[in-house]
Structure formats: structure tokens, C-alpha cells
Amino acid sequence: MNNLLKGFLISFLFIQQPILILSQDCLQDSIPPVIHCYTSTASISLSAKLTRFAISPKDLTTRVQDNCASSQDIKLSFSEDGKNPTLVVSCDNLGLNQVMIYATDPAGNQSSCLVSFIVQDGDFICGPEANFELRGSFNYKDSIYSSPVPTFKISLTDSTGNSRTIDPIEVFVGGLEFAINLFDGENPFPENSTISIDLVIDSDDDYDYGVSTLDVVFMIKHILGVSPFTKPEQLVAADVNGDGNITSLDVIEVRKLIIGLTDSFSIGRSHVILPNTWQIPANQLLSAEHRSFDVIKLGDVNRF
Ligand SMILES: [Ca+2]
Ligand SMILES: [Ca+2]
Ligand SMILES: [Ca+2]
């Protein structure tokens with residue numbers, strides 16, 4: 001055998017050997033495919049032009065591979081039996097969806113992954129029954145109230161001027177839960193507008209709740225720099241006229257309230273809600289969206 005032929009045979013064996021081993025494994029393949037679903041939550045927006053459409057598992061997976069089969073030969077399905085290669089998305093699927101995606105190789109080995117996606121009603125095509133509801137909760141900072149909690153109304157105004165007042169759905173000592181159906185049977189908001197909602201607790205009766213001479217002392221010490229406030233809640237609670245600063249004007253208002261010369265603060269509310277706006281692009285409204293807000297009682301600075 002000449003050297004050229006030897007070299008050819010050696011390189012032939014080197015190249016062929018791994019393939020031979022691989023194909024022997026694949027005669028009795030027992031290893032399932034590897035499937036990776038998207039880990040982030042994808043958004044799918046329905047529109048007037050696309051009221052329903054089919055998504056495939058490929059739309060929701062990043063990678064599928066197998067030890068033997070090429071990716072085209074791996075069967076992807078939304079069901080274990082492989083019979084649902086597509087999923088039709090429509091108004092019935094609004095909100096958060098979670099589905100399993102199954103990958104099956106030609107030998108029948110199977111693996112799966114769970115994927116989440118959100119279906120949105122981009123053009124408000126789903127009608128009144130879409131029932132877009134905002135849910136939120138107010139948490140009283142540092143338990144302002146002991147039971148029973150005063151009655152609150154919550155007023156929400158959007159940027160188009162629509163305003164409504166709602167009752168909380170559940171009141172508890174630490175806060176209250178509320179829910180509002182924004183659409184109320186018909187979508188009042190212009191397409192793709194940004195809705196800005198102000199939340200105001202309307203409770204006239206309890207301006208003086210938790211307010212005493214001790215709070216005045218705390219405020220004066222802060223203003224003089226003797227003992228400045230250390231907590232952001234104190235800075236909010238002390239600004240009873242709502243001008244963004246804590247000055248002698250705030251002290252005067254609290255004093256007047258304590259001795260009964262006035263029964264309210266000039267800011268016009270007894271509480272501050274943080275954050276006090278809720279920016280919601282109309283095309284991203286989700287059913288049962290939940291936000292949490294902090295309620296700070298004005299004038300009660302020594303609580304914190
Ligand atoms: Ca396999
Ligand atoms: Ca002020
Ligand atoms: Ca107090």
C-alpha cells in the first residue's frame with residue numbers, strides 16, 4: 001500500500017467513525033429532543049384586520065434540536081398526542097395564556113416546555129363583553145387606621161375628561177381593594193390613547209385623624225434643622241398645603257386644624273396616594289390588571 005492510499009484510509013476511518021457510532025445510537029433512539037420555550041411573556045395583539053389568527057409552536061420557541069433527527073423532522077404540537085400543530089387565538093383568549101409545547105422525535109421520544117403569552121385587544125374589537133377591569137389596592141402606610149376603617153370613595157378621571165367615582169370592593173384595616181370596569185359596556189377611550197387616571201380618596205371627615213401637637217413639634221424641628229425627617233413618608237405627610245416644600249405655612253395649617261379654626265387642609269384632601277396617577281396606554285389594557293398604591297395621612301408625621 002502506498003503512502004497516499006494509507007493516508008486516505010486513515011482519514012476515511014477518522015471521518016467515518018463518529019458517524020457510525022452516531023447512527024448506531026439512532027437505530028434505537030431513546031433520547032428526547034431538547035426544546036426551549038420563550039422565557040419572557042410574548043404579546044399578541046388582535047386588530048381589526050386580524051381578529052383571529054393561528055400561531056404555531058415555532059412562534060413561541062427559541063430552539064428545538066435532537067440527537068438524531070433534524071429540526072424539520074421533530075414534530076411540534078400544542079398537545080401531547082401531536083394533533084394540535086397550531087393554536088387559534090381570538091377574543092376568547094384575551095389576557096394571560098399558558099400553554100405546553102411538545103416536541104416529538106421520529107422515534108416517539110417527547111419533551112415539553114411551558115410558555116406564556118398575552119393576547120391584547122389592540123383595536124377594541126372584542127366588544128363590551130371584553131370587560132376590561134382595573135384592579136388595585138391601597139395600602140395604608142404604617143396602619144393609619146384601626147378597625148373600623150372610614151368610608152372612602154375613589155375618583156378616577158382619565159385624560160379624555162371621563163370621570164367616575166367608585167366604591168371600594170373590599171375594605172380591610174391595612175388598606176382597601178378596588179375594581180373598576182373601564183369600558184362599562186362601551187369603550188370610552190380613543191384608540192391608542194394614553195389614559196391617565198388620578199386616584200383620590202374622598203374622605204372629608206378625618207383630616208384631624210392622628211394629628212396632634214406632637215406632629216407640630218416634629219415639623220418645627222425638621223424646619224429648624226434640629227431633627228430633620230429621615231423618611232420620605234414624613235416629607236409627604238408634612239406638606240399639608242401641597243406646595244412641595246415643608247415650611248411654616250404647613251405648621252400654621254396643622255395648628256389651625258388642631259385648635260379647630262379650620263376643618264381641612266388647603267390641599268383639599270386628607271390623604272396623599274402614591275403614585276397618584278396610573279398611565280395606561282389604551283391598547284395595552286389587560287383584564288384584571290392590578291396596581292398597588294400607598295396611602296399617607298397628611299399631618300400625621302410622627303407615625304413614621
Ligand atoms: Ca432523539
Ligand atoms: Ca408645604
Ligand atoms: Ca400624629
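Any read-out appearing in this document is the output of simple, stated calculations on the displayed coordinates, not a laboratory observation. Note that the structure is a prediction, hence the values are computed from the model and not measured. Here the Cβ is made from the backbone with ideal geometry for all residues, glycine too, and neighbour counts use every protein chain on show.
Computed from point charges on the beta carbon alone (+1 for Lys and Arg, -1 for Asp and Glu), the dipole magnitude for the stretch 31-121 about its Cα centre is near 220 Debye.
Between rounded, prolate and oblate, where does the stretch 31-121 land on the alpha carbon gyration tensor, with a ≥ b ≥ c its root eigenvalues, rounded for a/c under 1.5, else prolate if a/b exceeds b/c?
Working: a/c = 2.59, a/b = 2.17, b/c = 1.19.
Prolate is the answer for the stretch 31-121, as a/c is 1.5 or above and a/b outweighs b/c.
Counted by neighbouring Cβ atoms within 10 Å, the residues MET219, MET100 run from fewest to most as MET100, MET219.
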